[in-house]
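Beneath this line is the structure, given in structure tokens, with notes to follow.
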Amino acid sequence: MRIADMNWMQVAEHVKGDDRAVLPLGSTEQHAYLSLAVDAILAERVALDAAEGLNIPVFPVSSYGFTPNFVDFPGTVTLKLSTYIALVTDILDGMVRSGFKRITIVNGHGGNSPAHGAVLEWLDRHRGVQVKWHNWWNAPETFAKVKAIDPVASHASWMENFPWTRLGNIGMPATQKPMLDMARFVQLDPGAKKELLGDGNYGGFYQRSDEEMLAIWEVAVAETRKIITEGWD
């Protein structure tokens, strides 16, 4: 359930019986022909689908993340790393003040991962709280399903092209783009990165069948649901 569908009095009553909650993290950045909000859309949706029927509140997705690689692509917004770390830990502070002590972070953007270290540091100051960091797209079962369908998958390629991330009236190239030389990519400045990337896809086909994508989604939702519900002390 969405925390947006609750008022403060309902939250106060809810946490007396269940102190679990979910926080989706996303990003606003280029995804080639797909929505700039892919990471936010997918993180929030997988969190909501996974929590459906569990009576566990899902907080609104944090739609801005740490993405300095793509700042030369129009529409991309990045936060400074220090700002992003402060944002995530401030949100956690508020959730704990509200009574939530078992929190699952469902992360949809790889660039946000440095904040996981800050969360571990934050836990030292919040003894008794538990936080899981779940990168939903490359969690073991989900990523195995992706690789079983097509081992050539990457940022802004078919593996992020779900019915709810693609845009209307935007055609997709039918080719399989060669994989990016990541070692070269990471050493470049953002302008050179944009020139190297071209349309923004790191490599692979741009789209596969909806049947294949929904099969991946089913695995991702089930795996995320286990993270939310299992393994707490």
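The number of residues in the range 93-114 that are touching a residue at least 24 places away in the same chain (Cβ under 8 Å) and out of contact with any Phe, Trp or Tyr (no Cβ under 6 Å at 6 or more places or on another chain) comes to 13.
This table checks each residue for (1) touching a residue at least 24 places away in the same chain (Cβ under 8 Å); (2) on the phi > 0 side of the Ramachandran plot; (3) surrounded by fewer than 14 Cβ atoms within 10 Å (Cβ to Cβ).
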position: Thr142; (1), (2), (3): yes, no, no
position: Ser157; (1), (2), (3): yes, no, no
position: Ala183; (1), (2), (3): no, no, yes
position: Ser209; (1), (2), (3): no, no, yes
position: Ile216; (1), (2), (3): yes, no, no
position: Glu223; (1), (2), (3): yes, no, no
position: Asp233; (1), (2), (3): yes, no, yes
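Scanning the range 185-207 for residues being surrounded by fewer than 12 Cβ atoms within 10 Å (Cβ to Cβ) and in a helix (DSSP H, G or I) gives a total of 2. In summary, Ile56 fulfils each of the numbered conditions (1) closer than 30 Å to Leu180 by Cα; (2) touching a residue at least 60 places away in the same chain (Cβ under 8 Å); (3) among the aliphatic types (A, V, I, L, M) with the single exception of condition (1).
For every residue, the table says whether it meets (1) at pLDDT 95 or above; (2) farther than 22 Å from Thr89 by Cα; (3) more than 14 Å from the chain's Cα centre (by Cα).
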{"position": "Met9", "(1), (2), (3)": "yes, yes, yes"}
{"position": "Thr28", "(1), (2), (3)": "yes, no, no"}
{"position": "Ala32", "(1), (2), (3)": "yes, yes, yes"}
{"position": "Leu36", "(1), (2), (3)": "yes, yes, no"}
{"position": "Glu52", "(1), (2), (3)": "yes, yes, yes"}
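The values are calculated or read from the model by the stated rules, or taken from the named source; none is laboratory data. Everything numeric here is computed off the predicted structure, so don't read it as measured data. Every residue, glycine as well, gets a Cβ built from its backbone with ideal geometry; the counts of neighbours run over all protein chains shown.
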